[in-house]
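Take a look at the structure set out below.
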Amino acid sequence: MQSARPIPPLPAPVRPDPVRDRWAAPMRLAIAEAALAPATGDVPVGALVLGPDGEVLGRGHNEREAVGDPTAHAEVVAIREAARTVGSAARGRADGNGARPDGWRLTGCTLVVTLEPCTMCAGAIVLSRIDRVVYGALDEKAGAAGSLFDVMRDRRLNHRPEVIPGVLADECGEQLRAFFDTHR
């Protein structure tokens with residue numbers, strides 16, 4: 001007769017997170033967008049701007065090295081594309097000749113980004129009137145959404161988006177670690 005082997009313990013159950021779980025699918029799209037950046041030597045950060053209905057209005061990945069522009073962070077690239085999309089729609093709805101003056105406002109939109117925004121990007125988020133920011137990995141060296149600074153929730157500003165941190169943080173962080181492991 002064979003001796004009974006001990007039964008290994010079951011893994012701890014994964015508890016649903018009603019705040020973060022709904023953002024996993026868009027974050028996976030942002031991770032895929034980030035994967036495009038290393039081809040040009042850029043750090044793999046990806047971002048999407050989602051409209052109120054969840055439609056992707058803008059997407060971007062870091063392009064600083066690719067285009068030689070220090071402001072070409074994933075968030076700024078995605079915000080610019082979304083503003084063009086919203087502005088085009090506003091021009092189509094505008095009375096008379098041209099766009100509404102607020103066609104650039106991204107009210108009701110959500111920015112999904114793989115890395116916590118820096119101060120520049122946090123400023124762009126506030127100025128574009130994005131209502132919600134969902135991010136993956138913390139940026140303890142330059143983050144401006146709660147880790148180093150908290151620009152977006154500063155009560156002195158005229159607009160403060162909701163911030164949802166830590167969505168697929170491990171996957172987002174691993175993408176960055178893998179890049180820097182090969183670039184050091």
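The values are calculated or read from the model by the stated rules, or taken from the named source; none is laboratory data. Keep in mind it's a predicted model, so treat the numbers as computed, not measured. No Cβ is skipped: glycine too gets one built from the backbone with ideal geometry, and neighbour counts run over all protein chains shown. Please note that ligands, DNA and RNA were not included when accessible areas were found on the heavy atoms of the full protein model with its side chains. Shrake-Rupley method; radii C 1.70, N 1.55, O 1.52, S 1.80 Å.
Among the residues of this structure, Arg132 does not count as one that is farther than 23 Å from Arg28 by Cβ and open to solvent by 40 Å² or more (accessible area, probe 1.4 Å).
Listed residues Pro26, Pro44, Pro70; which is open to solvent by less than 50 Å² (accessible area, probe 1.4 Å), at pLDDT 95 or above and in a loop (DSSP other than H, G, I, E, B)?
That would be Pro44, the only listed residue that is open to solvent by less than 50 Å² (accessible area, probe 1.4 Å), at pLDDT 95 or above and in a loop (DSSP other than H, G, I, E, B).
Where in the range 102-176 are the strands (runs of 3 or more DSSP E), entirely inside, with at least 2 residues that are farther than 26 Å from Gly54 by Cβ?
Once the strands (runs of 3 or more DSSP E) in the range 102-176 are filtered for at least 2 residues that are farther than 26 Å from Gly54 by Cβ, nothing remains.
If Ala89 passes every condition in (1) in a helix (DSSP H, G or I); (2) modelled with pLDDT under 95; (3) touching a Gly at 6+ places or on another chain (Cβ under 7 Å); (4) of a type in the set (A, V, I, L, M) but one, which one does it miss? Unmet for Ala89, out of (1) in a helix (DSSP H, G or I); (2) modelled with pLDDT under 95; (3) touching a Gly at 6+ places or on another chain (Cβ under 7 Å); (4) of a type in the set (A, V, I, L, M): (3).
With respect to Gly166, is the statement that it is without any contact (Cβ under 8 Å) to a residue 40 or more places away in the chain and either open to solvent by 10 Å² or more (accessible area, probe 1.4 Å) or farther than 16 Å from Ala32 by Cβ (or both) true? So Gly166 fails the test. How many of the residues making up the range 47-58 are part of a strand (DSSP E or B) and open to solvent by 20 Å² or more (accessible area, probe 1.4 Å)? Residues meeting the conditions: 2. For the range 11-23, the set of residues classified as open to solvent by 90 Å² or more (accessible area, probe 1.4 Å) and assigned to a loop (DSSP other than H, G, I, E, B) consists of Pro11, Pro13, Val14, Arg15, Pro16, Pro18, listed by residue number.
Picking from residues in the range 29-41 that are open to solvent by 10 Å² or more (accessible area, probe 1.4 Å) and of a type in the set (Gly, Ala, Ser), the one that is nearest to the chain's Cα centre (by Cα) is Ala32. Ile7 passes every criterion in (1) of a type in the set (Val, Ile, Thr); (2) open to solvent by 40 Å² or more (accessible area, probe 1.4 Å); (3) within 24 Å of Asp69 (Cα to Cα) apart from (3).
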